[in-house]
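Step one of this worksheet: look at the structure below.
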Amino acid sequence: MKIMVINGPNLNLLGARETEHYGMTTLEDIEEGLREIAARAGVEIECGQFNGEGEIIDFIHRYGTGADGIIINPGAYTHYSIAIRDAIAAVDLPTVEVHLSNIHQREDFRRESVVAPVSLGGVWGFGSHGYELALLALLRRLGVQ
Ligand code: DQA
């Protein structure tokens with residue numbers, strides 16, 4: 001079984017970027033933690049971070065057919081990328097949306113998520129821990145745990 005973990009623009013700067021919103025944990029540490037959980041569950045994960053919309057879509061297309069689920073933090077694309085939403089809908093895999101910050105507690109433009117309607121559910125406001133919660137939820141949904 002394989003799960004894609006996709007992070008969008010600026011998330012390569014985690015640990016240094018707006019730490020009051022996004023915390024001190026780096027993306028490398030987050031991915032490492034997810035790899036450990038996945039390994040214990042006997043599941044493979046394929047991680048990718050991309051600053052460009054097209055790169056995210058290409059990654060979804062590339063791994064979409066061989067994967068069983070998606071964890072995605074699309075960053076700012078969350079709020080307006082119909083193209084990423086359509087890519088998720090196209091591969092038709094169970095998808096969990098993640099945000100480190102509570103997007104409903106911030107600027108109005110962050111409240112809308114165009115990927116939420118094509119996701120199983122979402123986790124926001126729990127910082128880096130949200131990725132682990134998303135993985136556990138997805139594993140449970142896939143019948144792994
Ligand atoms: C974010 C929230 C987005 O609004 C923002 O553009 C990000 C990060 C989060 O994880 O809280 O880049 O997705």
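Other residues lying with their Cβ under 15 Å from the Cβ of Gly64 contribute a combined charge of -4, Lys and Arg counting +1, Asp and Glu -1. Using the rule -39500 (n - 2.57) for each DSSP H run of four or more residues, divided by the residues of the chain, the 222 nm mean residue ellipticity is -11000 deg cm²/dmol.
Extension gain for Asp29 to Glu55 (0.36 nm times residue separation, less C-alpha to C-alpha distance): 7.1 nm. Amide H contacts for His99 (H built 1.01 Å from N in the peptide plane; partners 5 or more residues away or on another chain; cut-off under 5 Å): Val123, Trp124, Gly125. Normalised by the number of residues in the chain, the mean separation of alpha-carbon contacts (under 8 Å, six or more apart) gives a relative contact order of 27 percent.
When Rg and Dmax are taken over the Cα atoms of the stretch 2-140, they come to 13.6, 40 Å.
Among residues other than Gln105 with Cβ under 15 Å from its Cβ, the summed charge is -2 (Lys and Arg +1, Asp and Glu -1).
Here, each number is a calculation from the coordinates, and none is a lab measurement. This one's a predicted model, so the numbers in the text were calculated from it and none came from an experiment. All Cβ positions, even for glycine, are placed from backbone atoms using ideal geometry, and neighbour counts span all protein chains on display.
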